[in-house]
Amino acid sequence: LRKFAAAYASWHEGEKNSAPKEDISAKEIHSVIVEKQSQVVQRLNENIEYLNENDEAWNCFKLANTAMLMQMIIARDPDYQKNRDISQFPTDNTSLYDDIEEFNNKGKDKNNKGKDKYAYYPFQLAFMLMNIRSTFENDDESKDIVDLIWFPTGGGKTEAYLALTALVIIARRRR
């Protein structure tokens with residue numbers, strides 16, 4: 001997670017130096033965007049540190065990510081297609097979902113040197129990470145911030161919101 005935040009911070013440093021030279025209005029807009037990016041860098045680092053210091057938050061984060069992995073596998077893996085031939089279902093009255101071991105090896109892409117077949121887009125992980133502490137601490141100063149994701153259909157917004165929702169549900173159930 002720290003490498004992820006460091007990569008974003010490095011990218012952000014490059015953005016700081018890319019301000020338009022001539023257009024005053026564009027410079028002002030650039031300045032506002034760069035300041036918001038600085039706040040994201042700070043929130044990412046603070047929330048990663050919070051995960052490091054808070055076992056309950058870390059455990060909930062891991063459970064939420066496990067739930068999201070299972071959801072990604074069920075949604076995309078042909079073994080879970082809803083319109084499969086009935087002969088492909090287990091005949092011993094067991095459910096495909098009874099054992100977490102069912103999902104252990106599904107996440108690795110055998111044709112891609114063991115890299116994750118199912119993974120977040122960077123913005124999805126960042127969205128979840130920016131909201132960790134405020135999920136667990138009512139006095140967190142970012143509680144008043146509303147993070148809204150916008151871009152066209154098919155970009156992964158739903159998964160980002162679901163990941164944070166999974167974290168909130170798990171945290172509340174464990175209290």
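The values are calculated or read from the model by the stated rules, or taken from the named source; none is laboratory data. What you see is a predicted model, and the numbers here were worked out from it, not measured in a lab. For neighbour counting, all protein chains shown are included, and Cβ atoms are generated from backbone atoms with ideal geometry for every residue, glycine included. Each accessible area value is taken on the protein alone, full model and side chains, heavy atoms only, with ligands, DNA and RNA left out. Shrake-Rupley method; radii C 1.70, N 1.55, O 1.52, S 1.80 Å.
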(message) Suppose the filter is β-branched (Val, Ile, Thr), closer than 19 Å to Ile145 by Cβ and over 18 Å from the mean Cα position of the chain (by Cα); does Ile29 pass it?
(response) no
(message) Filter the range 157-166 down to the residues that are of a type outside the set (Phe, Trp, Tyr) and either touching a Cys at 6+ places or on another chain (Cβ under 6 Å) or open to solvent by 40 Å² or more (accessible area, probe 1.4 Å) (or both) and list them by number.
(response) Lys157, Thr158, Glu159, Leu162, Thr165
(request) For the range 129-156, name all the residues that are at pLDDT below 90, open to solvent by less than 90 Å² (accessible area, probe 1.4 Å) and under 17 Å from the mean Cα position of the chain (by Cα). (result) Asp147, Ile149, Phe151, Gly154, Gly155, Gly156
(message) Which pairs turn up if I take residues in the range 47-70 that are closer than 16 Å to Phe4 by Cβ and look for partners that are exposed (fewer than 14 other Cβ atoms within 10 Å of the Cβ) with beta carbon separation below 8 Å, at least 6 apart in sequence or on another chain?
(response) Ile48/Arg2; Trp58/Asn52
(request) Return only the number of the condition from (1) open to solvent by less than 30 Å² (accessible area, probe 1.4 Å); (2) out of contact with any helix residue (DSSP H, G or I) (no Cβ under 6 Å at 6 or more places or on another chain) that Val34 does not satisfy. (result) (2)
(request) Within the range 49-59, work out how many residues are surrounded by fewer than 17 Cβ atoms within 10 Å (Cβ to Cβ) and hydrophobic (A, V, I, L, M, F, W, C). (result) 1
(request) Answer yes or no: is there a residue in the range 39-59 that is among the small types (Gly, Ala, Ser) and either more than 25 Å from Ala171 (Cβ to Cβ) or not in a helix (DSSP H, G or I) (or both). (result) no
(message) Of everything in the range 122-141, what is under 12 Å from Phe4 (Cβ atoms) and not hydrophobic (A, V, I, L, M, F, W, C)? Give them in sequence order.
(response) Pro122, Gln124
(request) Can you tell me which residue within the range 157-175, out of those that are at pLDDT below 95 and among the hydroxyl-bearing types (Ser, Thr, Tyr), is nearest to Arg43 (Cα to Cα)? (result) Tyr161
(request) Being part of a helix (DSSP H, G or I) and either within 17 Å of Leu125 (Cα to Cα) or at pLDDT 95 or above (or both) narrows it down to one of Ala26, Ala9, so name that one. (result) Ala9
(message) Looking at Lys16, Lys62 in this structure, which one is closer than 18 Å to Asn131 by Cα, open to solvent by 60 Å² or more (accessible area, probe 1.4 Å) and modelled with pLDDT of 80 or more?
(response) Lys62
(message) Being of a type in the set (A, V, I, L, M, F, W, C), open to solvent by 60 Å² or more (accessible area, probe 1.4 Å), modelled with pLDDT under 95 and assigned to a helix (DSSP H, G or I): is that true of Ala75 here?
(response) yes
